[in-house]
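Here is the structure we will look at.
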Amino acid sequence: MYASREDIGYDFGDDSKVGSKPVKPNPNIDGGWAWMIVFSSFLVHILIMGSQMALGVLNMEWLEEFNQSRGLTAWVSSLSMGITLIVGPFIGLFISMCGCRLTAIIGGVLNALGWILSAYASSVHYLFLTFGVTAGIGSGMVYLPAVVMVGQYFQKRRALAQGLSTTGTGFGAFLMTALLKYLCTEFGWRNAMFIQGAISLNLCVCGALMRPLSPKDLSEKSVVRSSSEDNRAKALSHSTETIKSNGVLGDEPEKKEEATTEEVLESVQHIEIGGNSGSGRNMYGLRMLKTVSQLTLTVRKGFALWYSSYFGAASLFTNRVFVAFIIWALFAYSSFVIPFIHLPEIVKQYNLSRQDNVFPLTSIIAIVHIFGKVILGIISDLPCISTWNVFLMANFTLVTCILTLPLMQTYVGLAVVCALIGFSSGYFSLMPVVTEDLVGTKHLANAYGIIICANGISALFGPPFAGWIYDITQKYDFSFYIAGLLYMVGIIFLLIQPCIQKKQPRQKSTEEAQV
């Protein structure tokens, strides 16, 4: 474990005292419009993640309508949830080229289109394309910008802001379940999906609220972060600097491209001013050339940033701790999903249905999960607490609960373990914060896209794997044990890599001294 935030190279503390020249903070950082960004992200989590957690209502309707197997029908919701996360790296390209606002608005339209087209489904395979793929990609195009924008607008209270915004998942699970049940009862599932598609258009409004910060504001925030890092002895400084050097290496080509394009734009403006006697058609052509030049510059810069983040000499994958973070994400999400799938069967096995009907164990997880996100966010933002340590402690608690849950045979014991699972799984709100601390704000969209892609793979294949284990062993216990052990492997990777990185600078300095 690590004793302080500085041990892993995070930049916390009083940023106003950093650097020789005081940086005038933007009033919208940690305040002002930043809270509108949190509100927008909160609504996105309600409409996207909440709706996906309520798909069980529609799944029963699809089973009755199409008379297909449960396994085949379940792939509709699994595809939607998995694709939402798996497309993260590609959505990072859209964000780099178009920005968070435009990406989210396009995603809102695509998500609503997926819901509406699904209302006319004639088979389960039709739903694979319209709901699983179309609505799933649209959801991913809104979800990633919602997380990234909160990270851009907050510096000192990032964990709390992410915690508040992601509580929309828990609220959405309750609200959307009740709404879909009502709509299916009153209007039928087809009309319910049509109405839900109309409601999903509000995602475009959420995207419109994602007002981008100016490059000056982002650079000032980066200066504060980098200056803070320079003034502290950090174990992972080598890792972080490797990633941030990617941006430095790319500055010169970007500046050359900007200079060339600015020369073209200035010449176009020159011609526009001096060409009043020219024809209107020529002026229109010049304006089109100016627009195309600006668009080309934006696309080239965005693609260059995205490409260098993944395939450049100083890509994200040169950060060993970040690679360990990806391996952890591959195993983590399924361990959270599996209890939701198998808990009803465990309750039935131990004859606890009567108590579970009064207060379902899955509801305990969902309710405590909301409070866990906020409380862990508040704790992580305390000046004397390390976000990394809070993140690791929550992971250790969750994996312990996953391994011990099958041993509980009473309702009270199961309820206590489920409450701990709900609270400790609140670390999901810390994932964007930890990612930003590892790679910086500039690479947050691309880096977090990889992390949620790994989570998507885990969510897509984890539950079927657990079902396969049950088919072989005829016991639910082994699903929890194997998921817990794989989860522990991911946590061990998180522990080992920082220790290796911590030794590297010392070894290097010794070699230099000998030379």
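Please verify whether the stretch 145-156 includes one or more residues that are open to solvent by 40 Å² or more (accessible area, probe 1.4 Å), among the aromatic types (Phe, Trp, Tyr) and under 18 Å from the mean Cα position of the chain (by Cα).
So the first thing to find is which residues in the stretch 145-156 are open to solvent by 40 Å² or more (accessible area, probe 1.4 Å), and the list is 156.
Narrowing the set further to residues that are among the aromatic types (Phe, Trp, Tyr) leaves none.
Among the residues of the stretch 145-156, not one is open to solvent by 40 Å² or more (accessible area, probe 1.4 Å), among the aromatic types (Phe, Trp, Tyr) and under 18 Å from the mean Cα position of the chain (by Cα), which makes the answer no.
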**Asked** Within the bounds of the stretch 401-412, is there any residue that is part of a helix (DSSP H, G or I) and closer than 23 Å to Ser380 by Cα?
**Response** yes
**Request:** Among residues belonging to the stretch 342-366 that are crowded, with 16+ Cβ neighbours inside 10 Å and among the hydrophobic types (A, V, I, L, M, F, W, C), point out the one that is modelled with the lowest pLDDT.
**Result:** Leu343
**Request:** Spot the failing condition for Cys453; the list is (1) modelled with pLDDT of 85 or more; (2) open to solvent by less than 10 Å² (accessible area, probe 1.4 Å); (3) of a type outside the set (Lys, Arg), and only one is missed.
**Result:** (2)
**Prompt:** Under 9 Å by Cβ, and 6 or more places apart or on different chains, what pairs join a residue from the stretch 109-137 that is under 20 Å from Val44 (Cβ atoms) and of a type in the set (A, V, I, L, M, F, W, C) with one that is open to solvent by 10 Å² or more (accessible area, probe 1.4 Å) and in a loop (DSSP other than H, G, I, E, B)?
**Reply:** Val109/Leu201; Ala112/Leu201; Ile137/Val87
**Request:** All but one of (1) open to solvent by 10 Å² or more (accessible area, probe 1.4 Å); (2) part of a helix (DSSP H, G or I); (3) under 29 Å from Pro89 (Cα atoms) hold for Leu392, so report the exception by its number.
**Result:** (1)
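Among the residues of the stretch 417-433, which ones are of a type in the set (A, V, I, L, M), crowded, with 24+ Cβ neighbours inside 10 Å and out of contact with any Cys (no Cβ under 8 Å at 6 or more places or on another chain)? Can you show your working first?
We begin by selecting, within the stretch 417-433, every residue of a type in the set (A, V, I, L, M); these are 417, 419-421, 430-431, 433.
In the following step, the residues that additionally are crowded, with 24+ Cβ neighbours inside 10 Å were identified as 421, 430, 433.
Scanning the stretch 417-433 gives Leu430, Val433.
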**Request:** Report, by residue number, each residue of the stretch 107-144 that is within 16 Å of the chain's Cα centre (by Cα) and surrounded by fewer than 23 Cβ atoms within 10 Å (Cβ to Cβ).
**Result:** Ile137
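The values are calculated or read from the model by the stated rules, or taken from the named source; none is laboratory data. Only a predicted model underlies this, so the values are computations on that prediction, with no experimental measurement involved. For neighbour counting, all protein chains shown are included, and Cβ atoms are generated from backbone atoms with ideal geometry for every residue, glycine included. Protein only, heavy atoms only, side chains kept; ligands, DNA and RNA dropped before computing areas. Shrake-Rupley method; radii C 1.70, N 1.55, O 1.52, S 1.80 Å.
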